[in-house]
1. Which order, highest average first, do 244-254, 224-234 follow once you tally other Cβ atoms within 10 Å for each residue and take the mean per peptide?
2. Once the whole set of protein chains is in place, how much accessible area is left on residue 87, using a 1.4 Å probe, in Å² to the nearest 10?
3. For 155, 148, give the ranking by accessible area with the largest first, probe 1.4 Å.
4. Heavy-atom accessible area of residue 323 with all protein chains present, probe 1.4 Å, nearest 10 Å²?
5. Give me the number: length gained by fully extending residue 292 to residue 67, i.e. 0.36 nm times residue separation minus the C-alpha to C-alpha distance, one decimal in nm.
6. Quick one: order 274, 85 from most to least accessible surface, probe 1.4 Å.
7. State which entries of 41/271; 41/273; 64/273; 106/227; 64/196; 196/242 exceed 31 angstrom in Cα-Cα distance in the structure shown.
8. Could you give P(r) for the range 34-179, binned at 10 Å from zero, as whole percent values over all Cα-Cα pairs?
Amino acid sequence: MKAVKSIKQVILAVLLSLPCVMTFAETSFTITEGVADENLKATMEKNVSALLAEFRVSADEGKKNVKLSKDIVTKDAQDIIREMWQSSAMSCPPVNIRTRCLKTAKGYQVRGIPVDMIEADESEARQELTISFNENGIINGVAVAIEMNRYEELMREKASDVDYARRQVIVDFVENFRTAYNRRDLKMLQSVYSDKALIITGKVVAEKPNSDLTKLTLTNNKVVYIKQTKQEYLRNLSKVFKIVKYINVDFSDIEITEHPKYDDIYGVTLKQKWHTDRYQDEGYLFLMVDFRDSDQPVVQVRTWQPYKDKGGKVITAKKDVFHLGSFRIIR
């Protein structure tokens, strides 16, 4: 009887310990290549590990913000994280992350850091972050990343070393541009758009099947396009930010094209999924990005159009999709 009782006690002790093992399972982060300085590499690994650990604790405890020392995360990056957190808390799953580090014009960057957006729908919850560092290994930027495979494809399409560097900047620009919507950062969007930017937005409006407009419709839906100034667009966007609880803007199918005449003008085409607790749509964005000030590229043109239906069928001729050739550049 004593032996049986002893076995039961052992089993009970093991079972009671399992939840603790799962609760305290940790995420490990290792840089596999890209940083020659071992001390710098150790600092970056320590800082990312601290950030991800704080994500989990803050999400589990329902905190309204993530607080970390400025020796780990710069003030600007803390502001970005706070704004992202207001849209949705993030928790990093207990996984072993091993990734290479990329050298950028202003420091370093790691990509593909998995997080779960607590407020998102189940299908959108798992996303990946890009984390940027200054030259000292302090985290100075966080953004929602594009797919790693597409990032590598875009880099392989480089025409020159200058083009490669600009593609890096464009991807970083696009990721921060997307994250600015997710975190409702009007200040960042104000700086991104040129004061004279051409902005064309659109929305799909249900039409009656027998309407005279059916020949212009997409499965009995009419697309209404609106031309706005930068000020009008941001004013309307601020109203949206105030009434929605959760925003998730997702970019995919990204294509980057250099202008054939002006090597400081690029076109970016991408699929956008816009999802809030009140409204959602899917369409294609075209951005004309001006690199004349390489330190502060700006969007001169932003257009939106839903040229594919849910089944992927082309409903508008490809030639009608906005591209670099759609706009005349005057200098």
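1. My ranking of the peptides, most packed first, is 244-254, 224-234.
2. For residue 87, the solvent-accessible surface is approximately 10 Å².
3. 148, 155
4. Ignoring ligands and nucleic acids, residue 323 comes out at about 80 Å².
5. Computed gain between residue 292 and residue 67 is 77.3 nm.
6. Sorted by accessible area, descending: 274, 85.
7. 41/271; 41/273; 106/227; 64/196
8. Result, from short to long distances: 11, 41, 36, 11, 1 percent.
The values are calculated or read from the model by the stated rules, or taken from the named source; none is laboratory data. All figures in this text were calculated on a predicted structure; none of them were measured in a lab. Every residue, glycine as well, gets a Cβ built from its backbone with ideal geometry; the counts of neighbours run over all protein chains shown. When the accessible area is computed, the model is the full protein with side chains, heavy atoms only, and any ligands, DNA or RNA have been set aside. Shrake-Rupley method; radii C 1.70, N 1.55, O 1.52, S 1.80 Å.
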